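Everything below concerns the one structure shown next.
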Amino acid sequence: MRGAVLHGPGDVRVEERRDPEIVEPTDAIIRLTATCICGSDLWSYRGLEETAEAAPMGHEYVGVVEEVGPEVTRVRPGQFVVGSFWASDNTCEICRAGYQSGCVNRVLMGSIGTQAQLARIPHADGTLVATPGTPDPDIVPSLLAASDVLGTGWFGAVAAAVEPGKTVVVVGDGAVGLCAVLAAGRLGAERIVAMTRHAPRQELARAFGATDIVAERGDEGVARIMELTNGLGAHSAIEAVGTQESMLQAIRSTRPGGHVGFIGYAHDVALPGDELFFSLVHLHGGPAPVRQYLPHLIDLIWNREIDPGRVFDMTLPLDEAAEGYRAMNERRAVKVLLTP
């Protein structure tokens, strides 16, 4: 099969990889209908995160089941399925509490690499959710978004305790941040402030439900939020970048007693303890338990109540994955969909 492999910073190649096989009796093999490039993939692409030499890439996926192991009972060959970027058994005590990304038997799909034509899915019964039938082609991008960025944005909104009547600030205008805007709207937020300075992303944020746009960053951005909230700060903030600046911007934009949901893949974030102590904010986040939300998100997409697939503003064949990485790295694209 063909698959994307990272050989070093800025060096993504699509090359022949060995076809996956059933390894554990709980595995499934799927043929990818669509996959994509994630903002978190750019950390290793930029050389800011160490990876193994010749590392397979990708952790988001939708496709059709081709083969299942002898212990798989919940999905079967021929079904169209969506899965999370963490494979989980969905039966351990942590999974049953709704935190499948912390499953005691979890497997990070990025270690398998789903920017490919085929993929092995561990813990298939716990990880994969079948759609009601074969989806129309136009909703496939939205189903793919549910595999990570939509589910992650949704978790960010839940972690930030978004509910009707609240003001929500979203820090980060990538696909996750934009999906967090959408999620905040679905959860009933009265006011949603998207912090972005890029016109196309501002437009999409508004389409997803943003009521206000703030282009300023850092202390200037915090000051602007305070102006919009009578000096109190937002009830909820969703941090969707993963840097020191974005985390502090989210915390400082939140009122005492408010909630910060942090879902950006954190790198070199060190919070000043005294500031955190006196902020009186709640902090919750981490790698999203996407599997918890998949049935609901698939239902919303299937019934055409939401269209998160709009975050994909570039579509390329898998063999042109390197151009997709360049486009996202240079911010010429929000998110790139790849067709195997």
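Here are the numbers for the structure shown:
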| read-out | value |
| --- | --- |
| Tally, over region 275-298, of residues that are exposed (fewer than 15 other Cβ atoms within 10 Å of the Cβ) and either under 20 Å from M109 (Cα atoms) or of a type in the set (D, E) (or both) | 2 |
| Of residues in region 226-240 being assigned to a loop (DSSP other than H, G, I, E, B) and touching a Gly at 6+ places or on another chain (Cβ under 8 Å), the one least open to solvent (accessible area, probe 1.4 Å) | G233 |
| Criterion violated by V72 - all others in (1) over 30 Å from P9 (Cβ atoms); (2) open to solvent by 10 Å² or more (accessible area, probe 1.4 Å); (3) out of contact with any strand residue (DSSP E or B) (no Cβ under 7 Å at 6 or more places or on another chain) satisfied | (3) |
| Test for V64: is it touching a strand residue (DSSP E or B) at 6+ places or on another chain (Cβ under 8 Å) and buried (at least 22 other Cβ atoms within 10 Å of the Cβ) | no |
| Scope region 149-170; condition open to solvent by 10 Å² or more (accessible area, probe 1.4 Å) and outside any helix (DSSP H, G or I); matching residues | A161, V162, E163, P164, G165, K166, T167 |
| Residues of region 20-34 classified as more than 15 Å from Q115 (Cβ to Cβ) and either open to solvent by less than 40 Å² (accessible area, probe 1.4 Å) or touching a residue at least 60 places away in the same chain (Cβ under 8 Å) (or both), total | 8 |
| Contacts under 9 angstrom Cβ, first residue in region 243-256 being touching a residue at least 24 places away in the same chain (Cβ under 8 Å), partner of a type in the set (F, W, Y) and surrounded by fewer than 23 Cβ atoms within 10 Å (Cβ to Cβ), 6 or more apart | P256/F278 |
| So V311, is it closer than 26 Å to V82 by Cα, open to solvent by less than 70 Å² (accessible area, probe 1.4 Å) and not hydroxyl-bearing (S, T, Y) | yes |
| Scope region 186-200; condition crowded, with 24+ Cβ neighbours inside 10 Å and either in contact with a Ser or Thr (Cβ under 8 Å, 6 or more places away or on another chain) or modelled with pLDDT under 95 (or both); matching residues | A189, I192, V193 |
| Some residue of region 227-241 being touching a Leu at 6+ places or on another chain (Cβ under 7 Å) and closer than 26 Å to G110 by Cα | no |
| Some residue of region 128-149 being among the small types (G, A, S), touching a residue at least 40 places away in the same chain (Cβ under 8 Å) and under 30 Å from G221 (Cα atoms) | yes |
| Residues located in region 181-225, provided they are of a type in the set (A, V, I, L, M), free of Cβ contacts under 8 Å to residues at least 24 places away in the same chain and part of a helix (DSSP H, G or I) | A199, A223 |
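Residues are listed down the side, and each one gets a yes or a no for (1) modelled with pLDDT of 95 or more; (2) under 20 Å from the mean Cα position of the chain (by Cα):
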site	(1), (2)
E163	yes, no
A184	yes, yes
Q202	yes, yes
D212	yes, no
A215	yes, no
T229	yes, no
L232	yes, no
I263	yes, yes
L271	no, no
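The values are calculated or read from the model by the stated rules, or taken from the named source; none is laboratory data. Remember, it's a predicted structure, so these values are computed and weren't measured experimentally. Cβ sites come from the backbone with ideal geometry, for glycine too, and all protein chains shown count toward neighbours. Ligands, DNA and RNA are excluded from the accessible area calculation, which covers all protein heavy atoms including side chains. Shrake-Rupley method; radii C 1.70, N 1.55, O 1.52, S 1.80 Å.
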